[in-house]
Amino acid sequence: MRKKLPHRKSFLPSCLLPPASCLLPSAFCLLGLAQPAQAEALTALTPGIVINTFTECINDGVALVTGQNPVDQQGWQYAIDSANDGVDGLQVGGNAYEIYNLALKETADDILVAINANMPLTGVNGTPADDGNIGWGDLFFNFSGQDFSSASNAGDLFGVRFAGTNDSLVPDIGLYGDVTATSTTAENSGFASIDAYNQHVATYGCTGVDCDPSLGDLAANDTYFNQNDSLNAIASGTYLTGISYLSDAELGAAGYALNQFAGEHTIAFRFSKSSICDRGFCQANEITKSVPEPSGIVSLGIIGLAITTRLRQRRKV
Ligand SMILES: [Ca+2]
Ligand SMILES: [Ca+2]
Ligand SMILES: [Ca+2]
């Protein structure tokens with residue numbers, strides 16, 4: 001009596017999982033011969049993930065929602081922030097705190113971040129802040145699908161401390177997991193809430209087109225953020241990996257659209273995404289794209305069984 005099941009089991013995994021060349025019923029696949037191993041392409045920045053940063057006093061902020069804008073041919077996605085919503089006292093728009101955009105790129109191994117703004121990495125000195133400096137908050141990644149406060153309360157955020165002179169509560173520059181967020185606005189002469197910031201821009205900002213406060217891909221009053229809160233820094237987290245700063249030349253080589261944005265500085269860095277993937281937040285997108293629909297899988301399976309059966313029948317002849 002023939003044992004069909006083992007043949008079917010060995011056929012399906014070898015041909016319906018990568019390599020992609022095995023997705024068509026080639027002779028190699030149908031015979032169940034091993035193909036050269038190829039690395040699975042894991043994607044962290046799948047659609048719907050929110051990445052954001054504010055300054056230390058929440059006098060500007062920006063968020064990028066993956067998939068909201070197209071990824072360009074160089075692999076970058078850009079969240080464009082209002083050019084008129086940076087606050088410096090009663091002066092609103094185009095000042096030292098103005099953020100213009102947040103951009104992200106994902107490669108096979110890394111995530112690249114670029115923030116175009118007027119504020120340098122080391123912040124602005126000579127301010128009313130407790131430390132005399134108003135600088136950058138931290139950068140948050142929310143893969144959890146929850147709103148920001150819920151993800152923070154659950155310790156489900158990832159965060160990057162990228163500014164060594166800021167008031168982050170974690171000690172080292174780098175990527176953190178299990179992150180909770182806090183506010184550093186009180187010690188930086190800042191706004192107590194996003195709502196207070198929005199009201200300030202509405203009161204003292206310009207009037208007309210492009211004068212409303214913005215959070216890049218999100219509206220300034222989007223309920224993703226608790227409007228009564230001002231969470232802008234990492235409170236606690238698990239250190240995962242370091243970051244490498246990128247020069248303009250390195251950004252250009254990576255296909256970033258240099259010189260297309262008004263900010264005086266482009267703060268950019270890259271870090272390995274492996275620790276994010278190791279924690280189960282990446283998806284095998286290439287596989288998802290390549291695997292046939294369930295009906296196709298059944299069809300391929302039937303074709304495979306039919307051909308392997310014929311091969312066996314020939315051998316028996
Ligand atoms: Ca903004
Ligand atoms: Ca802005
Ligand atoms: Ca400060």
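See the values below:
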{"item": "Relative contact order %, segment 45-278, counting alpha carbon pairs below 8 Å whose residues are six or more apart", "result": "26"}
{"item": "Local net charge near TYR97, Cβ-Cβ under 9 Å (Lys/Arg +1, Asp/Glu -1)", "result": "-3"}
{"item": "DSSP-defined beta bridges in segment 45-278 - what % are antiparallel, rounded to 5", "result": "100"}
{"item": "FRET efficiency estimate (nearest 0.05) - Cβ-Cβ, ASP147 to ALA186, R0 25 angstrom", "result": "0.65"}
{"item": "Likely footprinting exposure, CYS57, CYS211, fewest C-beta neighbours within 10 Å first", "result": "CYS211, CYS57"}
{"item": "Within-11-Å neighbourhood charge of ARG270 [Cβ basis; K, R +1; D, E -1]", "result": "-2"}
{"item": "Surrounding net charge for GLU187, when Lys and Arg each add one and Asp and Glu each subtract one, Cβ distance under 14 Å", "result": "-4"}
{"item": "10 °C / 1.306 mPa s Stokes-Einstein diffusion coefficient of segment 45-278, Kirkwood radius on C-alpha pairs, µm²/s", "result": "91"}
{"item": "Extended-chain gain in nm, criterion 0.36 nm per residue less alpha-carbon gap, GLN199 and SER274", "result": "22.9 nm"}
{"item": "Separation in nanometres of the label points that stand 7 Å from Cα toward Cβ, at ASP109 and ASN228", "result": "4.7"}
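Rule-based calculations on the coordinates, nothing more; no lab input. What you are looking at is a predicted structure, and each value in this text was computed from that prediction instead of being measured. Quick reminder, even Gly has a Cβ in these numbers, built from the backbone with ideal geometry, and neighbours come from all protein chains shown.
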